[in-house]
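The values are calculated or read from the model by the stated rules, or taken from the named source; none is laboratory data. Model, not experiment: these values are computed from the prediction. With ideal geometry, Cβ positions are generated from the backbone for all residues, glycine too; neighbour counts draw on all protein chains shown. Accessible surface is based on the protein model in full, side chains and every heavy atom, while ligands, DNA and RNA are left aside. Shrake-Rupley method; radii C 1.70, N 1.55, O 1.52, S 1.80 Å.
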Amino acid sequence: MNNPTHIQLSSVDVAFADLLQRQAAARADAWLLAALTSHAYRAGHACLLLDEGLTSIIIHHTNAITQKRLSPQWPEQQTCCSWWQSNDESSPLVWQDNRLYMRRAWQDEQTIQLNIQQRLALRDDNKIVLTDWLTSLFPASGAQTNEPNWQAIACALATRAQFSIITGGPGTGKTTTVVRLLATLQRLAQASSTTQSLRIGLSAPTGKAAARLASSIQQAISQLPAAFQLNLPTQAQTLHKWLASDELTQCDCFIVDEASMIDLHLMAQLLTKLPLTTRLILLGDKDQLASVDAGAVLGQLCQGAEQGHYSAETQQWLLVFAGQDLPSSYCSGMGNALAQQTIMLRYSHRFDASSAIGRWATWVNQQAVKSVKAAFTQLPIWTIDASEAVVALPIIANDTQKLKQLCLAQWRRLRVAIHEHVDEEAVDSWAKKCLGQLSEFQLLCAVREGPWGLVSMNERIANWFGLDSTQWLAGRVVMVTRNDYTLNLMNGDIGLCLPHPRLGLRVVFATEKGIRWILPARLSHFEDAFAMSVHKSQGSEFSRVCLLLPEQDSPILTKELIYTAITRAKHQFILACTSPQQLFTAVGRSVQRAGGLSFV
């Protein structure tokens with residue numbers, strides 16, 4: 001390797017390797033590999049990939065810079081190190097297939113791998129012809145895109161196994177599809193010898209995503225033919241709430257939305273607690289940001305989803321039992337069992353692929369840097385009455401006037417709603433309307449620290465709005481940052497401070513059980529949320545979104561982050577930056593998380 005890799009070790013990484021060295025002395029290469037494994041895990045990787053990239057590394061830690069060179073023989077020399085033995089549960093690391101794991105990460109990956117394989121082996125192979133039901137549930141064909149009806153195909157395939165994945169970009173109909181799938185499963189249950197309805201659980205990683213899932217489910221049910229509307233769930237809970245309850249083990253079918261947000265350990269917990277007899281269906285966009293914590297579970301499970309890789313047997317089953325003609329271009333003799341249960345929805349109903357937002361999302365997702373550069377030079381500059389779908393908001397030095405103007409326009413609309421006269425009988429409806437205003441516009445920050453980071457921008461916006469972040473005033477927006485089971489609030493829940501006509505100032509939340517009014521003093525873990533991080537915005541949709549890029553480049557800036565931000569916008573995407581170079585660099589950089597999930 002000609003150019004050495006620069007890696008910034010933290011004190012945690014160094015302390016971890018030092019601890020192992022004190023407990024059982026090993027070669028210097030082993031110390032370095034242990035520190036690098038700790039570093040990789042904290043960076044979101046399931047493991048340290050042991051390849052030629054490790055032959056020359058410049059290590060930065062504790063104000064020191066040291067160049068380390070692993071000897072060419074280190075793979076053979078280290079495989080027998082006592083620090084990593086897969087069959088010794090006391091060893092803190094595990095070496096397997098040219099990967100070095102923290103033991104818990106390895107155990108979680110093994111759990112996920114084995115559990116999914118077991119679920120895939122429990123093939124139902126439904127023998128009831130679904131064609132008439134699918135025709136009623138999916139009256140519109142995929143003819144407008146010259147594609148097969150992927151929603152109908154997803155519905156059909158998910159009836160024949162205990163594990164399925166439905167992936168697709170924003171607006172491709174994942175929720176619509178799963179509602180029709182649940183209606184189909186209920187009809188199948190009725191057609192069987194069992195008369196009892198299926199017990200179905202709905203979940204998402206965050207409170208906001210769960211609330212949005214419930215709302216989407218309710219809306220989708222109302223659009224079903226009357227005969228299919230019976231016994232369908234309308235309430236969703238966070239995954240953490242499900243895991244904390246015994247109800248999870250009672251489910252016949254369990255749905256997880258926004259599955260891209262689920263980290264390695266949480267997925268392992270879910271699969272461990274959920275009975276193998278429970279049908280599990282994951283929904284999510286494989287191209288969005290991966291989980292905050294280690295792992296990229298959905299992304300790894302969906303490898304090859306674009307190509308399909310369906311077997312001839314799957315193709316024939318779809319034709320006979322679902323009336324769906326799957327083109328041979330999506331079939332392959334290389335498809336494994338997981339590929340047969342992974343369906344990618346490809347047509348967006350939120351915005352057309354040829355629309356400005358759709359084109360930008362595609363360019364970014366495909367890392368078409370040249371197209372992004374060319375399109376950026378043609379972007380109109382934002383004004384208060386800009387109606388274009390994608391616009392630029394240039395920031396010069398410390399001039400924040402346009403950004404302030406943008407945020408104040410939203411604040412004025414929110415203030416009008418907040419200061420409406422309301423009777424106590426209508427207070428919940430009014431609160432819901434005020435919360436709805438928050439979905440009209442959202443400023444998204446790419447980084448947390450720095451002048452254009454989340455912390456600084458929340459302070460600025462509070463000042464622009466005439467609010468004090470140390471006081472509770474009407475209009476203050478907050479986000480819960482830790483699960484609070486006492487208040488039944490979850491990490492990521494959004495609250496708005498409102499003047500209740502009888503109770504005084506309260507923070508109002510929209511939960512799965514309706515509007516809740518919380519005394520501000522009872523909130524213990526929260527932060528202002530006038531601006532939101534791109535990570536926290538996952539599972540949300542806003543009419544207009546402004547992405548604020550930092551002045552300096554950062555490894556956090558990736559095509560997944562830009563894609564996630566763009567696809568939060570329904571009608572308008574505003575790009576605010578001091579230099580477009582940060583955008584171009586980010587689009588050319590992709591998150592490549594190391595992991596060993598594989599279903600051959």
Next item on the list: Show Asp263, Asp252, Asp423 ordered by accessible area, largest first, where the area counts protein heavy atoms only and the probe is 1.4 Å.
Entry: Asp423, Asp252, Asp263
Margin query: For a quick size check, give me the Cα extents of segment 277-397 along its three principal axes, largest first, whole Å.
Written below: 59, 36, 27
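Per-residue counts of other Cβ atoms within 10 Å, averaged by peptide: what ranking do you get for 586-594, 379-387, 30-38, highest first? Don't jump to the answer; show the numbers that get you there.
Details: 586-594: 18.1, 379-387: 12.8, 30-38: 23.8.
By packing density, highest mean first, the sequence is 30-38, 586-594, 379-387.
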Notebook entry, point to check: So for the pair Arg104, Arg199, with labels modelled 7 Å out along Cα→Cβ, what separation do we get in nm?
Noted result: 3.0 nm
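I'd like to compare 332-340, 280-288, 106-114: which one has the highest average count of other Cβ atoms within 10 Å, and what's the full order after that? The partial results should precede the final answer.
Numbers: 332-340: 17.1, 280-288: 24.9, 106-114: 19.8.
Ranked by mean Cβ neighbours within 10 Å, highest first: 280-288, 106-114, 332-340.
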Checklist line | Sites Ser439 and Ala374, calculated FRET efficiency, Cβ-Cβ separation with R0 45 Å, nearest 0.05 | finding: 0.90
Note to self: Given axes a ≥ b ≥ c from the Cα gyration tensor, I'd like to know whether segment 362-409 is rounded (a/c under 1.5), prolate (a/b larger than b/c) or oblate.
What the structure shows: prolate
Notebook entry, point to check: Which of the pairs Lys286/Lys570; Lys127/Lys273; Lys174/Lys536; Lys536/Lys559; Lys432/Lys559; Lys432/Lys570 have their Cα atoms more than 23 Å apart in this structure?
Noted result: Lys127/Lys273; Lys432/Lys559
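Give the relative contact order (percent, whole number) for segment 257-310; include only Cα pairs under 8 Å separated by 6+ residues. Before the final figure, lay out each step's value.
On the way: 54 pairs, mean separation 26.9, N = 54.
Relative CO of segment 257-310 lands at 50 percent.
Round to a whole number: what % of the accessible area of segment 192-324 belongs to carbon and sulfur, probe 1.4 Å? Show your work: numbers first, answer last.
Values: 2530 of 5050 Å².
Result for segment 192-324: 50 percent of the exposed heavy-atom area is carbon or sulfur.
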Margin query: Sort 388-396, 294-302 by packing, meaning the average of other beta carbons within 10 Å per residue, with the highest value first.
Written below: 294-302, 388-396
Checklist line | At R0 = 35 Å, FRET efficiency that the Cβ-Cβ distance of Leu19 and Glu449 yields, to 0.05 | finding: 0.75
Check: Is the shape of segment 188-258 rounded, prolate or oblate, going by the alpha carbon gyration tensor and its root eigenvalues a ≥ b ≥ c, with a/c under 1.5 for rounded and a/b larger than b/c for prolate?
Finding: oblate
Item checked: Residue-normalised accessible area of the chain, expressed per residue, 1.4 Å probe, Å² -> 43 Å²
Note to self: Output needed: percent of Cα pairs per 20 Å distance bin for the chain, bins running from 0 to the one holding the longest distance.
What the structure shows: 18, 49, 30, 2
Item checked: Amide hydrogen neighbours beyond the local backbone of Gly335, cut-off 5 Å, H modeled -> none
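Nearest 5 is fine: what % of DSSP beta bridges in the chain come out antiparallel, could you say?
Numbers: 30 of 75 bridges.
Expressed as a percentage, antiparallel bridges in the chain total about 40.
What full-extension length gain, to one decimal in nm, is calculated for Trp464 and Ile515 as 0.36 nm per residue of separation minus the Cα-Cα distance?
Numbers: separation 51, 0.36 × 51 = 18.36 nm, distance 2.81 nm.
That pair, Trp464 and Ile515, stretches by 15.6 nm at full extension.
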Note to self: How large is log10 of I(q)/I(0) for segment 516-582 at q = 0.13, 0.14, 0.28, 0.29 Å⁻¹ when the intensity is taken from the Debye formula with one equal scatterer per alpha-carbon?
What the structure shows: -0.47, -0.53, -1.34, -1.40
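So how many Å³ per residue does the convex hull of the Cα atoms of segment 421-486 work out to?
Working: hull volume 10.0 nm³, N = 66.
It comes to 152 Å³ per residue, whole-number rounded.
Suppose R0 equals 22 Å. What FRET efficiency, 1/(1 + (r/R0)^6) with r the Cβ-Cβ distance, do Glu551 and Ile381 give to the nearest 0.05? Walk me through the intermediate numbers first.
Working: r = 19 Å, r/R0 = 0.86.
After rounding to 0.05, the efficiency reads 0.70.
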Margin query: Not counting ligands, DNA or RNA, and with a 1.4 Å probe, what is Arg415's accessible surface area in Å² rounded to the nearest 10?
Written below: 110 Å²
